[in-house]
Every structure is written in structure tokens, then in C-alpha cells.
Amino acid sequence: QVQLVESGGGLVQPGGSLTLACAASGRISKILIMGWYRQTPGQERELVAAITSGGDTNYADSVKGRFTISSDNAKNTVYLRMNSLKPEETAAYYCNADLQTDYSGPTFRFWGQGTQVTVSS
């Protein structure tokens, strides 16, 4: 099976920075895309940023210029550097990966367990 394990969440003051990491492990043939989502209670999970295996990135408009997604393909790890954080960005942040477990097999989506980010003074 496949596991995604996030780390790096915590409490940060408004205007501060955090870096999240997500490592994928297990039966992985090829990771096609990895991304970060966030969710607050009662709200739908929303895309924050995503990166393909080729390095193409996509960001939510609200985080452009402040957040940076990057990856280490050799380690199956994706990072999210978050700068100038705002209180309204307090949420559970989830990592996901679209990947193949077998060569040329179907693509599956896996999710991490989430890491809490709290932006507060």
C-alpha cells in the first residue's frame, strides 16, 4: 500500500512562515502529481498548490506570490513553503498524490492524514 506522511504544521504568528513536507512511501511506480489542500470545519477541501513530476506548478489565486511548492522526486517528497501567513489560513493541510502502483497501470489518488496549521498571535 501507499502512505503519505505530512509534517511541519504548527502555530505561527500572522505574517510568519512555515514549511510543510509530505513524504510518500510504499508501492509506488510513478508519481504523476502531488498537491496540498486545506480544509476548515464545515468547508470543502480546497486546492492550495500542486506540482507535476515534470515540475509544472499550479497555485490557488489567494496564495500566489506567498506560497511555493517544490518536490524532491528521488525522495517522493513534496514541500510547501508558506510565507506571510494570515489568520484565515488556519486549517488542516492535506497532502495528496496521484500515482501508479504498477508500470503503465491505472492512476490512484492517495491522501495524507493532515497537519494542522494555526495562524494566530
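Set side by side, the residues SER84, SER104 differ, and just one is out of contact with any Asp or Glu (no Cβ under 8 Å at 6 or more places or on another chain), more than 23 Å from ASP56 (Cβ to Cβ) and open to solvent by 40 Å² or more (accessible area, probe 1.4 Å), which is SER84. Scanning segment 1-25 for residues that are within 30 Å of SER104 (Cβ to Cβ) and either without any contact (Cβ under 8 Å) to a residue 60 or more places away in the chain or of a type outside the set (Gly, Ala, Ser) (or both) yields GLN1, VAL2, GLN3, LEU4, VAL5, GLU6, ALA21, CYS22, ALA23, SER25. The set of residues in segment 59-76 that are over 18 Å from PHE108 (Cβ atoms) and either open to solvent by less than 80 Å² (accessible area, probe 1.4 Å) or in contact with a Pro (Cβ under 9 Å, 6 or more places away or on another chain) (or both) comprises TYR59, ALA60, SER62, VAL63, ARG66, PHE67, THR68, ILE69, SER70, SER71, ASP72.
Among the numbered conditions (1) crowded, with 19+ Cβ neighbours inside 10 Å; (2) assigned to a loop (DSSP other than H, G, I, E, B), the only one that CYS95 does not meet is (2).
With a cut-off of at least 2 residues that are under 13 Å from VAL117 (Cβ atoms), name the strands (runs of 3 or more DSSP E) lying wholly within segment 12-89. Reasoning before the result, please.
Working: elements: 18-26, 30-39, 46-52, 57-59, 67-72, 77-82.
Fully inside segment 12-89 and qualifying: 18-26, 30-39, 77-82.
The values are calculated or read from the model by the stated rules, or taken from the named source; none is laboratory data. Predicted model, so just to flag it, every value in this text is computed and none were measured. FYI the Cβ positions are ideal-geometry reconstructions off the backbone, even for glycines, and counts take in every protein chain you see. Only protein heavy atoms, including side chains, enter the accessible area calculation; ligands, DNA and RNA are left aside. Shrake-Rupley method; radii C 1.70, N 1.55, O 1.52, S 1.80 Å.
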